[in-house]
Amino acid sequence: MADNKRIFIKGNEAISRGALAAGLKCYFGYPITPQNDIPEFLSTELPAVGGEFVQAESEVASANMLLGAASGGVRAMTTSSSPGISLMQEAISYMAGSDLPGVIVNINRGGPGLGDIGSSQGDYFQSTRGGGHGDYRTIVLAPGTCQEGYDMMIEAFDLAFKYRNPVLVLGDAIVGQMKEPVTPWTPEKINNYGVEDWCLSGAVNREKRLLKSLFLEDGALAEQNIRLQQKYEALQSEARADVFACDDAELVVVAYGSIGRIVKSSIRRLRAEGHKVGLVRPLTLYPFPAKVLEDLAKAGKKFLTIEHNCGQMVEDVRLSIRKYGDSDFHGHMPGNLPGSDDFVEPILARLGR
């Protein structure tokens, strides 16, 4: 339900407001640039609506507090940036192995190592391949606008509880720090998907429950992994992408998040000059919208993947279209802020112009 009043805010604030609209009750976090606007905003706004805000002593503590709140069926989240998310991976693996819902926001910064505080898409592998140990996946959403940052937080909580799985919202310094109009809205109904049937609420007048990621009995871990893989297969129906001007395109550019948005500006300019080029901007990075790309490849399109890294999502693009073709790659290096002019020449080169 739209509130019908546009507000001019940063992406980080849009993400915070979207979480509140989704029914956020607990936030745990630790400061790191460029996501500090999120805990700053929630430190006052979350307690004002009856929620709990905790600045933890570390990212490790934040993620384990998230695990604890998730066990109680609470709508909870944590946020950080790149090296902070790395410290959270053990707890996220535990959450996935225990079938626990929770939302993690990564406002991606440059790396590897401490890198810088500028924009980057270098955390794609970490985000879409689980990031920690074992065979697990997090659901990954990739906003490219402040409005999508707001909307995807509501979606993230819904998916987390629908599938009892951690959901990671992968932004970057561009999405987090830019300002633009956002129209707030609230869901007509919040669906907790039967959380009362599994959460740890105190065993009063019911049988005890056990949430765990440790399976030591013969065959128990194999059974759990089979069940998790079945969950990830069911997740494929949630794959989404923004498909722009691809019907008559000779070349399809694949780019996500803020880079997808910048590339769309490049494509609009090139189409105005008569070049037949389109864009697929994945909105879900896991599950990846492979069918969208496969269908375009089957129709004979050429592909170029553009990322703000040294080449990560391009592997998923190539896997998606492998029966029919391949994708070239252009990487804009982290540490350099891109603009739409930076992508015109790589696109023209792939078109053979």
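The values are calculated or read from the model by the stated rules, or taken from the named source; none is laboratory data. If you're wondering where the values come from, they're calculated on a predicted model, not measured in any experiment. Note that we place each Cβ from the backbone using ideal geometry, even for glycine, and neighbour counts take in every protein chain shown. Surface accessibility is based on the protein's heavy atoms, side chains included, excluding ligands, DNA and RNA. Shrake-Rupley method; radii C 1.70, N 1.55, O 1.52, S 1.80 Å.
When ligands, DNA and RNA are left out and all protein chains stay put, how many square angstrom of accessible area per residue does the chain have with a 1.4 Å probe?
Details: 15040 Å² over 353 residues.
Accessible area per residue: 43 Å².
Contact order normalised by length for the chain, with contacts defined as Cα pairs under 8 Å and 6 or more residues apart; what percent is it?
Once normalised by length, the contact order is 18 percent.
For the chain, which whole percent of the accessible surface, found with a 1.4 angstrom probe, sits on carbon and sulfur atoms? Provide the component values of the computation, followed by the final result.
Working: 7660 of 15040 Å².
So the carbon and sulfur contribution to the accessible surface is 51 percent.
Please say if the range 135-196 is rounded, prolate or oblate, where rounded means a/c under 1.5 for a ≥ b ≥ c the square roots of the C-alpha gyration tensor eigenvalues, and otherwise the choice is prolate for a/b larger than b/c and oblate otherwise?
It comes out oblate by the Cα gyration axes.
Could you tell me which GluC sites (Glu not before Pro) in the range 114-219 are loop residues by DSSP with no more than 10 other beta carbons within 10 angstrom of their beta carbon? Numbers along the way, then the final one.
Details: sites: 148, 155, 188, 196, 207, 217; in loops: 188, 207, 217.
Sparse-neighbourhood loop GluC sites (Glu not before Pro): 188, 207, 217.
Looking at the range 11-62, which GluC sites (Glu not before Pro) are in a loop (DSSP not H, G, I, E or B) and have at most 10 other Cβ atoms within 10 Å? List each step's numbers first, then the result.
Numbers: sites: 13, 40, 45, 52, 57, 59; in loops: 57.
Sites meeting the loop and neighbour criteria: 57.
Could you give each residue of the range 113-124 its phi-based ³J(HN,Hα) in whole Hz, using Karplus coefficients 6.51, -1.76, 1.60 with θ = phi - 60°, and x for Gly or Pro?
For the range 113-124, the Karplus-derived couplings read x, 6, x, 9, 9, x, 6, 6, 10, x, 9, 4 Hz, x marking Gly and Pro.
Can you give the accessible area of residue 136, probe radius 1.4 Å, in Å² rounded to 10?
Accessible area of residue 136: about 10 Å².
Given H placed 1.01 Å from N in the peptide plane, which residues other than close sequence neighbours of residue 285 have an amide H under 5 Å from its amide H?
Sorted by chain and number, the residues that satisfy this are 140, 141, 142.
At most 16 other Cβ atoms within 10 Å and a DSSP loop assignment: could you name the trypsin sites (Lys or Arg not before Pro) in the range 267-303 that fit?
On the way: sites: 268, 269, 271, 276, 291, 298, 301, 302; in loops: 276, 301.
Within the range 267-303, the qualifying trypsin sites (Lys or Arg not before Pro) (loop, at most 16 other Cβ atoms within 10 Å) are 276.
May I have the convex hull volume per residue, in Å³, for the Cα set of the chain?
In the chain, the Cα convex hull volume per residue is 141 Å³.
Quick one: what are the phi-derived ³J(HN,Hα) couplings along the range 262-270, Karplus 6.51/-1.76/1.60 with θ = phi - 60°, whole Hz, x for glycine and proline?
Once rounded to whole Hz, the list reads 5, 4, 4, 5, 4, 5, 4, 4, 5.
Starting from the Kirkwood Rh over alpha-carbon pairs, what translational D in µm² s⁻¹ does the range 242-351 have by Stokes-Einstein at 20 °C and 1.002 mPa s?
Approximately 158 µm²/s, per Stokes-Einstein.
Please list, in order along the range 238-244, the HN-Hα scalar couplings obtained from phi with the Karplus expression 6.51 cos²θ - 1.76 cosθ + 1.60 (θ = phi - 60°), rounded to whole Hz, x for Gly and Pro.
3J(HN,Hα) across the range 238-244, in whole Hz: 8, 5, 9, 8, 8, 9, 10.
Could you check the simple spin-label distance between residue 114 and residue 43, using points 7 Å along Cα→Cβ, in nm with one decimal?
Taking the simple label geometry, residue 114 and residue 43 are separated by 2.2 nm.
Which angle between 0 and 90 degrees, to the nearest 10, do you get for helix 59-71 versus the longest principal axis of the chain when only C-alpha atoms count?
60 degrees
Would you calculate the separation in nanometres between label points at residue 349 and residue 186, each defined as 7 Å from the Cα along the Cα-to-beta-carbon direction?
5.2 nm
Can you give the extra length, in nm with one decimal, that the chain gains between residue 216 and residue 272 once fully stretched, where that is 0.36 nm per residue apart less the Cα-Cα distance?
14.0 nm
Roughly speaking, what is the stretch gain from residue 209 to residue 196, that is 0.36 nm per residue apart minus the C-alpha to C-alpha distance, in nm to one decimal?
Residue separation times 0.36 nm, minus the Cα-Cα distance, leaves 3.5 nm.
Given a Förster distance of 30 Å, report the FRET efficiency between residue 250 and residue 229 from their Cβ-Cβ distance, rounded to the nearest 0.05.
Values: r = 38 Å, r/R0 = 1.26.
About 0.20, to the nearest 0.05.
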